[in-house]
1. Identify, from the list B:GLY190, B:GLY217, the residue that is at pLDDT 95 or above, over 30 Å from B:GLY316 (Cα atoms) and assigned to a loop (DSSP other than H, G, I, E, B).
2. Against the definition (hydrophobic (A, V, I, L, M, F, W, C) and within 28 Å of B:TYR70 (Cβ to Cβ)), how does B:MET293 come out, yes or no?
3. If the Cβ limit is 6 Å and pairs must be 6+ apart or interchain, which residue in the range C:71-96 that is at the interface with another protein chain (Cβ under 7 Å from one of its Cβ atoms) pairs with which residue that is surrounded by fewer than 22 Cβ atoms within 10 Å (Cβ to Cβ) and acidic (Asp, Glu)?
4. Hey, B:HIS375 hits all of (1) assigned to a helix (DSSP H, G or I); (2) under 18 Å from the mean Cα position of the chain (by Cα) but one; which does it fall short on?
5. Can you pull out every residue in the range C:29-60 that is basic (Lys, Arg) and touching a Lys or Arg at 6+ places or on another chain (Cβ under 7 Å)?
6. Name every residue in the range C:376-389 that is crowded, with 20+ Cβ neighbours inside 10 Å and either at pLDDT 95 or above or at negative phi (or both), in order of residue number.
7. Within the group C:ALA139, C:ALA108, which residue is over 18 Å from the mean Cα position of the chain (by Cα), part of a helix (DSSP H, G or I) and either buried (at least 20 other Cβ atoms within 10 Å of the Cβ) or not assigned by TED's automatic domain parsing to the domain that holds C:GLY402 (or both)?
8. What number of residues within the range B:366-385 are crowded, with 21+ Cβ neighbours inside 10 Å, touching a residue at least 60 places away in the same chain (Cβ under 8 Å) and under 16 Å from B:MET418 (Cβ atoms)?
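The values are calculated or read from the model by the stated rules, or taken from the named source; none is laboratory data. Bear in mind that the values here come from a model prediction, so they are computed numbers and not experimental data. Glycine also receives a Cβ, built like all others from the backbone with ideal geometry; neighbour counts cover every protein chain displayed.
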Amino acid sequence: MSNIPENLKYTKTHEWIDVQDDYTGICGITDHAQEMLTDIVFVELPEVGIEVKSGEQVAVVESVKAVSDVYAPVSGRIVEVNKTLEDSPDLLNSDPYGKGWIFKIDIKDKHELDELMDAAQYAEHVASGE
Amino acid sequence: MVSTMQTIFSLHKQGRNKYTVPQFGAESYDPIPQHLCRGELNLADVSEVDVVRHYRRLSSLNFGVDNGMYPLGSCTMKYNPKINDAVASLPQFTQQHPATIEELSQGSLHIMYSLQEMLCAITGMKQFTLMPAAGAHGELTSVMIIKKYFETKGEKRNIILIPDSAHGTNPASVAMCGFTVKEIPSNSDGDVDIDALRAAMDNNVAAMMLTCPNTLGLFDRNIMTIADILHSNGALFYCDGANLNAIVGKVRPADLGFDIMHVNLHKTFSTPHGGGGPGSGPIGVVEKLTPFMPVPVIAKKDNQFYLDYERPQSIGRVHSYYGNFLVMLRAYTYIVMLGASGLKQVAEHAVVNANYLRVKLQKHFNLPYTRICMHEFVINDEGMPNGITTNEIAKRLLDYGFHAPTVYFPLIVHGAMMIEPTETEHRDTLDAFVDTMIAIKNEANTNPEVLKAAPHTTPVRKVDAVLAARKPVLKWEE
Amino acid sequence: MSFLPNSDDDIRSMCNEIGANSVEDLFVDIPSKVKNPDIQLPSPLSEQEAMHSLLRIANTNKRVCSLVGGGIYHHYVPAVVDHLSSRSEFYTAYTPYQPEVSQGTLAAIFEFQTYMCRLTGMDIANASMYDGATALAEAVLMAVRTTRKNNVLCSAAVHPHYRQVLATYAWASNISLQIVPYKNGATDYNELSHIINDTVACVVVQSPNFFGVIEDIEKVAHIAHEHKALCIATFTEAMSLGLLKSPGECGADIACGEGQSFGNYPANGGPLLGILACKKEFMRTIPGRLIGKTVDEDGRECYVMTLQTREQHIRRERATSNICTNEGLCALRATIYLGLVGNRLVEIARTNHTAASYCLEQLVNLGYERVFDASFFNEFVIKINNAKDVQNKLMDNGFALGILLETYYPELSDCLLVTATECTTKDDIDTLVKLLQTI
C-alpha cells in the first residue's frame, strides 16, 4: 500500500502539491509513482522563473528502463527547484514527500486547487489502476 | 590472478611495446610547428602477446550465434556463412579507395549495382540505394524522401502514423525530420485498428510506417486496405523491413502497396551483427519516389558503372562515399548462393520453426495472440507462478546456454518476450529450447528462488544498472 | 547452397505438430493474389562457384600505388587486428542487451571510449556513429538541442561530403546552415568573426581540414564562445590525433570525425567508424550508445550499456537520435589496433607526415605549385597543368595521384589533393617522380 499523506492534494498523473500559507506550492511525485518507476537515476529539473500552465510537462524523471514526465499540478511560476536531486535522485524513492520534493511554484489561480484530488480521492484513483 | 574485467590499460608497462614502424628513409623538410602539436600521448603500451591474450579472453566472455541459439526477436540472428567473410577479406576489395572507385574498382561497382538490382527483384521496388549504414539510418533517409516528395508537390503534410507496436527507431526517425507522430492502436487480434486508422486519416498525414510482418510477428490481414486508405488520401506507405525474413521470396512488399522500404542486410541477408554493427540499411522506392533518392546513384552505361550526381531533386547525401561496402559484399554473396528458391525456403523454414515453438510453448506460457505467427511470436509472464517475471526467465535461459529472446518489446504487450528462432536452427535445438523453457516453468513453481537469483553460471551475474546510471563512469581511469 | 539444417522430413513432421497440412498453410495471411511471385534472380550457386565468381569480379578491380586520401586513408592494418576481430564470439554477437553474456563486447567498447577520450581530449565518447559525416551531423543536432539556437556556421574547408550530409540533416530538421569561406587554405577567421552573432548554435571547423591544412581550433573556439556558441572540431584523419594538439586541449566542446584510419580498411568506402566525443556537461544529450562501468551482485567489476533513457528504444520520438546499430566491430578493430601500436602511434603519425612532406618537396622540385603555404598533415594541394590528363596517364602506369578538386571547389582548377601515409615508401614517390618527368 503506498503512502498518501492527508494534508496534500493530488493529480491524476501522480503528482502531489503541498500548499503553503502564502500560496506557493511545493510539488513532487507520489509514493505510488516512485514505486512504479523503481530506482530513479536522474531528474531533469525545470528552469527557475518559467511560467507554466496546469497540466504542462515541467520535469522528467528517469529510471534505468523508463522515462516519465512530471506535470504541473497548477498554473504559475517556478520559483525554486530541488538541486540536491541532481546528485541524489534516489531521494525521490526514499522520501518522495519530504527531501524528494522537485519544485516550488507560485500559484497563479487558487481555484485550480479545487480541481485536484484529496488523499481519499487519490487513494481510490490508485486503486482503480489508472 | 587475472581480474575478470581488467582492461588493456591495466596491462600497460613501459618498455613492453615493441611495435616497429618502418623508417621512411628521408627527412621531413616541413616539420609541424611545436605549438600545433600535442604533449605526450598516454595510450597503453603493451606487448603483442598481451594484446592477443587480452582480447581472446574477452571474446570468451561473449555469446554469439556461433555459441548457440540466439532467439532475439526482430533481430534475425541467423547463422553467418563464413564464405561471406572470406570474400569480404579479399585484398582486391579491402585495399580499394572509394575516391577512385569508377576508374579502379569497376568490380566493386558491379557488386553494388547487382545487389541493388537483386533487392529490387526481391522486393518489387523500382530502385534501391545502398548508402544507409543501418536500418535506423535507412528509416531516417526514407522519412527524408517522404518529406522531399511532399515539399516538391507543394503539399504541407506534417503527420506520420505509426502503430503502437512500432520499434523505437520509427518515431525517433520521424521526429528527426520535423514530423509529428500520431499513434494508431492495434486491435485485439494484433492487426492495425482500421477504424482508428480511418479516423486519423486526413490531408495532414504524409505517410504511415508499418513493420511487415509486425513486431508481434503477425502478418496484418488488412494490409492492402491500409495501403488503399493511405493512397486514396495521397499519403505514402513505408515498410520497416526488419522482419523481411518471414516473407522474403513469398511476397514482394511493393505488391502489398508499400511505396518505400528499408531492408537490413545484417538481419535478413545474413551479414554478421558485429556486436553492434556494422550493419547496412538499403532503401527501395517505387517509381514516383526515385527522383528523391540520395546521391550518388550507382548507374550503368555501355557496360561501365559510374556514379550519377545529376539528381536535382535528390535529398542530398546521407553518408560519406557510398555506404558499408564490405557488408554489401557479404549480402551479395549470400543472395547469389541462395537464389530465389533458396530465399523462399529461408522464409518457409523460419516460419515453420517459429510456429513449432509457438505451439509447443503455448501449453506452458501465456500467448497473447494465438493465431498463426510468422517468423517470431510473443509470449509473456502473465500467469507465471510466484510472480516470476519475463526478465527472470530470460536470465535463467543464459544459465542453460541460450541467449535470451528480446524482452519488454513490443511495448503493447506487458512483460513481452519475443522469440525468433530463425531458419538456421534445427528441430533438435528447438526441442532443447522448449525443454529448457518447461524446466524454467517448473523451477518457477518449485524453486522460484533460483530464478530470482539468476543467472548463476555466466561470467558475471546480475549487473547493477542503477549504479551505472546514477554514477556514470564512461572511461577507464587509474 | 543452403544453410537450412532441417530436412524435408523435419519440416513435414513439424508442420504436423503445428496442425498445418503444409508449409503454405502458414502463409495464409498473405493475400493470395500476390503470394509466391516469380522472382527473377540468377540460379543459385554452391559456395565453390560463388567464390569463383566473386574472385573473377574481384580481379577486375585494379590495384595501384594510391596517393589518395580525402576522408579515407590507406594505413597498414596489423595482422592481429583481423585475427582477433574474426573471433566469432565478437562478430556474431549483437547489441549487448544481456550484459552477463556480453562482457567481451562491453569491455572492448569501454576501452574504445577511453581511447577516444584520450585522443580527442574530451571527457565522454560514445560507442561509435556510422561515419565521420553522420557523426558531424549528429554533433550539430546536439549543439542545436543544447543551445536551443537554430543557426549553424560551417567552414568551407570541411570535407565536402561532410558538408553535404550536414546540409541534408539541416534541411530535414529545419536548421539554418551557413558556410564560412576559406582563405589561404584555412577557415577565414576574420570573416567568421564578422558573420557570427548570438543566434549561432555552433561553429564547425575541421582540422586537419579537407586540404590537409592544420587549422587554429583555439581561435575558432574563442570566437564561438564569445557568442555563446559551441565549437565543434571535426577530423577525417584520426591518425592526426596522435601528433597534433587535441580538439579538447584547443577548447572545442565537441570532437567528431572518422576513425577508419585505426585498423579498418578503405574497402571502397565502408564500413567506417564515426567518432563522437564531448565535454562532460553534454553527457545527457550525446546520442548513441554509452558503456559504463559498474559491479555485479558479487562485487565483480563489469560493464553495461548505460544512460539508455536517451536512446530510441526508451525515449522514442524524444530520443537524442534514432541510432541503434552503430559500427561496433569497427570500433573493436580500432581498439585492438590502438592496443597494439600504443604510443608508437606518434611515430606512425610522424612517418605519415615525413612521407607527405617528401612527396610535396619532390613535386615542387618538378615545378608544380604548392597551393597553400600553411602547415599540413599527410595531405596537401598541388597544382599541375592539365591535372586530369596527368592523373589518367599515371593511372595507366600504376599510380593514383590524389583527388581532383574542381568538382568541389571550382576555383581550384587543375588542383589535386595528394596524400601520403606510412604505407607510401620513398621508392614509390621516387618512381612517381620519374614517371611524371616522362609525361
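1. B:GLY217
2. no
3. C:SER88/B:ASP66; C:THR92/B:ASP66
4. All conditions pass for B:HIS375, except number (1).
5. C:LYS35
6. Within the range C:376-389, C:PHE376, C:PHE377, C:GLU379, C:PHE380, C:VAL381, C:ILE382, C:ILE384, C:ALA387 qualify.
7. Just one listed residue meets the conditions, C:ALA108.
8. Number satisfying all stated conditions: 6.
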